[in-house]
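Let me begin by presenting the structure, written as structure tokens, before commenting on it.
The values are calculated or read from the model by the stated rules, or taken from the named source; none is laboratory data. Treat the numbers as computed from the prediction; the structure is a model and nothing was measured. Here Cβ is always computed from backbone atoms with ideal geometry, including for glycine, and neighbour counts include all displayed protein chains.
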């Protein structure tokens, strides 16, 4: 879906609303604006209590401007991901075209002025 020129991927409720997973809000309000999306560049991950060694707080950038394909928002879509559980946790893994859409969105965020 396009909103304000950015591609937005739905998060099935886990990262929106009052009780967001990993203290990470990814609803349309938070990431569909340039300022909201750009706030994810260089933002470090929070700790994953289920995978303390692999996902310690601050190990990964949510959006990595130096290596977009290593952005945690993208690598969490792999099966298995670099840390923690694959996203989305509920349901099937995203198709390759959907993963490409996420990577394209990450690159579009990095390119924002």
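The figures follow:
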| item | result |
| --- | --- |
| Output for the stretch 64-105, where each listed residue is under 20 Å from residue 39 (Cα atoms) and assigned to a helix (DSSP H, G or I) | 68, 69, 70, 72, 73, 74, 75, 101, 102, 103, 104, 105 |
| Count of the stretch 48-67 residues which are buried (at least 17 other Cβ atoms within 10 Å of the Cβ) and either in contact with a helix residue (DSSP H, G or I) (Cβ under 6 Å, 6 or more places away or on another chain) or farther than 26 Å from residue 111 by Cα (or both) | 6 |
| Members of the stretch 68-81 found to be touching a helix residue (DSSP H, G or I) at 6+ places or on another chain (Cβ under 7 Å) and either under 13 Å from residue 107 (Cβ atoms) or at pLDDT below 90 (or both), listed by number | 68, 69, 71, 73, 74 |
| Some residue of the stretch 92-102 being at pLDDT 90 or above and within 14 Å of the chain's Cα centre (by Cα) | yes |
| Residue in the stretch 2-14 that is modelled with pLDDT of 65 or more, in a loop (DSSP other than H, G, I, E, B) and surrounded by 13 or more Cβ atoms within 10 Å (Cβ to Cβ) present | no |
